[in-house]
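Structure, as structure tokens:
The values are calculated or read from the model by the stated rules, or taken from the named source; none is laboratory data. Every value quoted in this text rests on a predicted model; they were computed, and no experiment measured them. All Cβ positions, even for glycine, are placed from backbone atoms using ideal geometry, and neighbour counts span all protein chains on display.
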Amino acid sequence: MKFIYCTDLHYGATPICRKDDYNEAILNKLRYIINYAHNNDINTIVIGGDLFDRPHQNYSDLIEIISIIKLSGLKWVINRGNPTHDGVVENSPLTLIGSMDTNVRTSDNCQSYTVDDVSFIFCPNSVNIEEFELSSVDKNIDSKKYILTHHILVKNSVPYKHILWDDFAEKLDIDCTVFIADYHPAQGDDEITNSNGNTIRFISPGSVCRRKYTKDNINKEPMFCEIDSEDESCVFITIPCEKDVWNIPEDTNINDTELDMSRFKDNIDDFQEEMNLESAWHKFVSENDFSEDITNMIYSYIKKGFKQ
Ligand SMILES: [Mn+2]
């Protein structure tokens, strides 16, 4: 079976950093994805979560996206993202879409959804990823398994709550593919062999939307994936998008969304191994211009432990 995977459209926002019609830009991207599906004999679109940017949507915005989904003639499989964006099952636009159209299957109240030779296993934000495990039913169905996550699953550490691919792969005891969502830069397509000998593939196209004036968003080219479960191919397709859409803030400090945490860890290790007051003073002296008298006086104080 062929299908499209994309994530984090964050529709229904009014970001002040954008000077164009942000919602129309999202709908255009969605139209592009739908046209691509029609032209390539694909009838299913899978969304990793955060289709919406907030649970309370403007009525006219909501009607536009509902009609695009309804009139697409496609099957939609939609994972629920963060409660602050996609809301909760009791009351949200996603609940409305899931209840009014039989062509839409959401992750609400179900663990997985099998169609043709493919099983989509839901791991929405409401599931504690630390406790996630595949059900025996899902494991035993003879199908290709795709896990839809909406947590920060990363190859390398980042400075906020996350789980590493290596750690998540250890929770799984069958060969499967994990789709990565959430508002994070694309991480590509990679495989890990876990200690059980299973091959776990991770696919991360990054968010479709560009809602923040951050380094990775400014010139970002949004992508979706075309997946074929039969030959296990995954092709990343770039979605054409508007240029020159940013209101440049006066504060020109642009936030990084990803820091190099492994380098930071190396620095801490160096510090723990090498740093003492004497070497700190040595470093300080080498970077500043002190007289030899003062330099040596402080050395002598350090050696005495600052005792009089
Ligand atoms: Mn998200």
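Just name the residue that is farthest from D53 (Cα to Cα) out of those in segment 147-172 that are surrounded by fewer than 17 Cβ atoms within 10 Å (Cβ to Cβ) and without any contact (Cβ under 8 Å) to a residue 24 or more places away in the chain.
Looking at the filtered set, the residue picked out is D167.
Being in a helix (DSSP H, G or I) and either at pLDDT 90 or above or not assigned by TED's automatic domain parsing to the domain that holds C209 (or both), is that true of even one residue in segment 142-158?
no
Can you tell me which condition F202 does not meet? The list is (1) in contact with a helix residue (DSSP H, G or I) (Cβ under 9 Å, 6 or more places away or on another chain); (2) at pLDDT below 95, and all the others hold.
With (1) in contact with a helix residue (DSSP H, G or I) (Cβ under 9 Å, 6 or more places away or on another chain); (2) at pLDDT below 95 applied to F202, the lone miss is (2).
Could you check segment 162-193 and list, in sequence order, the residues that are within 16 Å of the ligand (Cβ to nearest atom) and over 27 Å from N140 (Cβ atoms)?
H162, D182, Y183, H184, P185, A186, Q187
In the set D216, D189, D228, D175, which member is in contact with a Cys (Cβ under 7 Å, 6 or more places away or on another chain) and in contact (Cβ under 8 Å) with a residue 24 or more places away in the chain?
Checking each option against the conditions leaves just D189.
Take the residues in segment 71-122 that are touching a residue at least 40 places away in the same chain (Cβ under 8 Å), under 16 Å from L51 (Cα atoms) and touching a Lys or Arg at 6+ places or on another chain (Cβ under 7 Å); name whichever of them is farthest from the ligand (Cβ to nearest atom).
V77
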